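What follows is a short report on a single structure.
The values are calculated or read from the model by the stated rules, or taken from the named source; none is laboratory data. Source: prediction; values computed, not measured. Don't worry about glycine lacking a Cβ; one is built from the backbone with ideal geometry, like all the others, and counts go over all protein chains shown.
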Amino acid sequence: MKKITKAVIPAAGLGTRMLPISRTVPKEILPIVDRPSMEYLIREAVDSGIKDILIITGRNKEAIENYFDYSIEYKDILQAKNKRKELAEMEEVCSLANIYFLRQKEAKGLGHAVLCAEKFVGDEPFAVLYGDDVMVAEKPVTKQLCDVYEKYGKAVVGVCSVSDEDVKRYCSMKTEKQLADRTYLTTDMVEKPQTDAEKFSNLAILGRVALTPDIFDVLKHTEYGKGGELQLTDAMKQLARTKGVISYEYEGKRYDMGSKLGFLQANVEEALKHPDVKDDFRKYLIELSKTL
């Protein structure tokens with residue numbers, strides 16, 4: 001069985017929940033303290049054994065590509081000031097992995113973005129890291145899914161148990177049986193169930209999946225849905241019904257970086273861990289709490 005060494009990161013969305021800033025700054029480049037959220041995704045993939053990463057972008061997303069490119073101007077300035085540590089950190093970011101970029105010319109949904117990656121993926125299994133979702137975990141979430149894939153040889157979807165209200169915003173997994181701790185055989189799923197009758201469970205896909213290359217043929221035969229979009233969930237549903245997929249309830253903290261609240265939560269919680277600011281920031285929050 002081939003190991004997963006490729007990843008696809010769809011990042012072409014307009015980021016309407018982050019307006020007005022997302023009109024000019026890609027939401028994937030918005031910082032968590034001092035690093036863009038996209039770097040967190042890249043590092044997660046690399047720490048999971050991924051060597052080749054394709055980022056699917058759209059119009060006005062050049063800032064993402066620029067961030068992972070070398071900057072002669074900054075190199076010259078840092079060298080002149082003998083800031084070796086900062087220079088080494090900057091150059092490390094540019095050489096984390098083999099990073100490729102492909103523009104999704106039309107906003108046709110997550111499934112269409114993944115389908116754009118067919119030539120990049122070829123006949124290999126691959127991970128998909130949703131561009132809005134930053135995961136913080138002791139063991140990278142993508143690595144958790146890759147390990148489950150290697151054990152069962154089936155597509156794996158990363159799931160979390162969500163509230164009855166939240167399951168209406170995501171999807172619901174039909175789990176036939178528990179295979180191991182946090183691991184379930186899934187034979188069906190439904191996108192955004194609005195009633196209890198439509199819902200299978202409170203397990204919903206959030207942020208990470210590991211797919212087999214046969215997903216591309218399924219996507220090609222999946223109908224475009226609401227808004228003229230091709231949904232990845234619809235294709236994974238067909239895969240679940242015909243071959244079965246594995247739902248894995250991953251361990252880790254998820255930040256929805258496509259939302260204002262998720263962006264603020266990530267910055268506050270990660271700032272409390274950051275070696276440069278954690279102590280002063282904690283003191284600031286304590287003092288601030290006394291005035292509220």
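Miscellaneous remarks
- All positions within region 46-60 that are touching a residue at least 60 places away in the same chain (Cβ under 8 Å) and either in contact with a Cys (Cβ under 9 Å, 6 or more places away or on another chain) or exposed (fewer than 13 other Cβ atoms within 10 Å of the Cβ) (or both): Ser48, Gly49, Ile50, Leu54, Ile56
- Only one entry in Leu211, Leu185, Leu219 is at pLDDT 95 or above and either β-branched (Val, Ile, Thr) or touching a helix residue (DSSP H, G or I) at 6+ places or on another chain (Cβ under 7 Å) (or both), namely Leu219.
- Residue match in region 237-259 (condition: closer than 24 Å to Ala155 by Cβ, of a type in the set (Val, Ile, Thr) and part of a loop (DSSP other than H, G, I, E, B)): no
- Among residues of region 197-219, those that are touching a residue at least 12 places away in the same chain (Cβ under 8 Å) and farther than 29 Å from Gly49 by Cα, counted: 5
- For region 75-104, filtered to residues that are touching a residue at least 12 places away in the same chain (Cβ under 8 Å) and more than 18 Å from Met38 (Cβ to Cβ), the residue that is farthest from the chain's Cα centre (by Cα) is Leu78.
- Of all residues in region 61-102, those being surrounded by 15 or more Cβ atoms within 10 Å (Cβ to Cβ) and in a loop (DSSP other than H, G, I, E, B) number 4.
- Residues of region 182-198 satisfying the condition of being farther than 23 Å from Ala7 by Cβ and more than 20 Å from the chain's Cα centre (by Cα): Tyr184, Leu185, Thr187, Asp188, Val190, Pro193, Gln194, Thr195, Asp196, Ala197, Glu198
- Complete set of residues in region 4-31 that are among the aliphatic types (A, V, I, L, M) and under 15 Å from the mean Cα position of the chain (by Cα): Ala7, Val8, Ile9, Ala11, Ala12, Ile29, Leu30
- Qualifying residue in region 111-129 (condition: modelled with pLDDT under 95 and either under 19 Å from Glu28 (Cβ atoms) or under 16 Å from the mean Cα position of the chain (by Cα) (or both)): no
- Residue count for region 1-60 under the criterion of being in a strand (DSSP E or B), over 23 Å from Glu270 (Cα atoms) and among the charged types (D, E, K, R): the result is 2.
- Enumeration of residues in region 184-233 that are in a helix (DSSP H, G or I) and in contact with a strand residue (DSSP E or B) (Cβ under 7 Å, 6 or more places away or on another chain): Thr233
- Flag if Lys143 is among the charged types (D, E, K, R), under 29 Å from Glu269 (Cα atoms) and modelled with pLDDT of 95 or more: yes
- Filtering region 146-164 to residues that are modelled with pLDDT of 95 or more and in a helix (DSSP H, G or I) leaves Cys146, Asp147, Val148, Tyr149, Glu150, Lys151, Tyr152.
- Annotation: of all residues in region 258-292 being touching a Leu at 6+ places or on another chain (Cβ under 7 Å) and surrounded by 15 or more Cβ atoms within 10 Å (Cβ to Cβ), the one that is nearest to Ala137 (Cα to Cα) is Phe263.
- Test: residue in region 158-181 that is free of Cβ contacts under 8 Å to residues at least 12 places away in the same chain, surrounded by 13 or more Cβ atoms within 10 Å (Cβ to Cβ) and either under 30 Å from Glu269 (Cβ atoms) or within 18 Å of the chain's Cα centre (by Cα) (or both): no
- Flag for Tyr74 being in contact with a Cys (Cβ under 8 Å, 6 or more places away or on another chain) and more than 19 Å from Pro26 (Cβ to Cβ): no
- When region 20-50 is filtered for residues that are among the basic types (Lys, Arg) and farther than 22 Å from Gly252 by Cβ, only Arg23 remains.
- Residues that are modelled with pLDDT under 95 and under 21 Å from Leu211 (Cβ atoms) do not occur anywhere in region 35-47.
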